[in-house]
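Structure record follows, encoded as structure tokens.
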Amino acid sequence: MTAWFRELPPAGGPSAAGPSAVMSWTGGSRAGGPRTGGPSAVEPRTGGSSVAGGGRDSRTTPRDATTGLRLYCFPHAGGSAGAFTPLARALAAGRREGPRVTVSVAAAQYPGRQDRYRERPWEDIGAIADVLAAEIRARDERPYALFGHSMGAVVAYETARRLQRSPGPGPARLFVSGRDSPSAGPVATDHVPDDEALLAHIRRLGGTGSRVLDDPELVAMALPALRADYRALRSYVWASGEPLDCPLTVLVGDADPLVTDAGAAAWRGLSASTTTVRLLPGGHFYLDDCARQVAQLVRDALPTPV
């Protein structure tokens, strides 16, 4: 069985080329002024990043013996495991700054991109979460946390629900970024009627990934994964159930056009534990410019392993 998670190199390390570069949309803020208000619990802004780049198959790369906690990351629609490489490097750099929790990163590689480019992309978020939860459980690592951005926030949330229902420890914390709570209802921008509308939507989000859309050959390579991911989002229906028992951190770019104040606040209803909403400078891909801030936030929010 193909392993889905990829170990991300803390510094240097290999990066993928070709189709992988297309599969990780990066960068940019919405034109116009930033969000000035927000949920009442929004805290002072503090901020990962998204670049193409491969990781190593977690089956063949052992976890560093000095690692205290594993952060499992889930990329955005059209994104790849390499989107979290800058965050992995920022977390590794933080190890030298003082006696803080040591965090290593493994990111999900969905079918249809980077080293899985020839596989057919999946179109069912529940099925994706089933496989990822089973792999996390089989790795039997503790403690661990989950971090999902945009579509990945929904995948991470559904993965956490499955882990909570199965025997074994649940995540120490769930980080959800760049996405309204699934309990807030369907997201209008998920409903793109055709390829032209889908590509226009990606362009509006901006960043280095959107510049790839000027190359027809690269667009042709990117579209299968993008189509599949947006079909998965459109077909996903949130089902109410037992709230998570782990704490939640909600991360929002202050100029993100895809996240509403009410949608960010609604994540509070999905956990019986504490929920913190953090506002960060930038648009939907605020992670591009805020890897160090987000790494610090992650380290501060996670428990120190014993």
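Select, from 211, 231, 227, the only residue that is out of contact with any strand residue (DSSP E or B) (no Cβ under 8 Å at 6 or more places or on another chain), basic (Lys, Arg), part of a helix (DSSP H, G or I) and modelled with pLDDT under 95.
211
To keep it simple, each residue is scored yes or no on (1) within 18 Å of residue 84 (Cα to Cα); (2) of a type in the set (A, V, I, L, M); (3) surrounded by fewer than 18 Cβ atoms within 10 Å (Cβ to Cβ); (4) touching a Cys at 6+ places or on another chain (Cβ under 6 Å).
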site: 114; (1), (2), (3), (4): yes, no, no, no
site: 133; (1), (2), (3), (4): no, yes, no, no
site: 143; (1), (2), (3), (4): no, no, no, no
site: 176; (1), (2), (3), (4): yes, yes, no, no
site: 180; (1), (2), (3), (4): no, no, no, no
site: 188; (1), (2), (3), (4): no, yes, yes, no
site: 197; (1), (2), (3), (4): no, yes, yes, no
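May I ask you to list pairs of residues, at least six apart or on different chains, whose Cβ atoms are under 6 Å apart, with the first in the stretch 212-234 being charged (D, E, K, R) and the second being outside any helix (DSSP H, G or I) and crowded, with 21+ Cβ neighbours inside 10 Å?
Hits for this filter: 229/77; 229/78.
Of the residues in the stretch 199-240, how many are of a type in the set (A, V, I, L, M), surrounded by fewer than 14 Cβ atoms within 10 Å (Cβ to Cβ) and within 20 Å of the chain's Cα centre (by Cα)?
1
Only one of (1) over 21 Å from residue 187 (Cβ atoms); (2) touching a helix residue (DSSP H, G or I) at 6+ places or on another chain (Cβ under 8 Å); (3) surrounded by fewer than 21 Cβ atoms within 10 Å (Cβ to Cβ) fails for residue 257. Which number is that?
(1)
Restricting the search to the stretch 263-295, which residues are in a helix (DSSP H, G or I) and farther than 22 Å from residue 187 by Cα?
288, 291, 292, 293, 294, 295
The values are calculated or read from the model by the stated rules, or taken from the named source; none is laboratory data. These numbers were taken from a predicted model, which means no experiment stands behind them. Backbone-built Cβ (ideal geometry, glycine too); neighbour counts: all protein chains shown.
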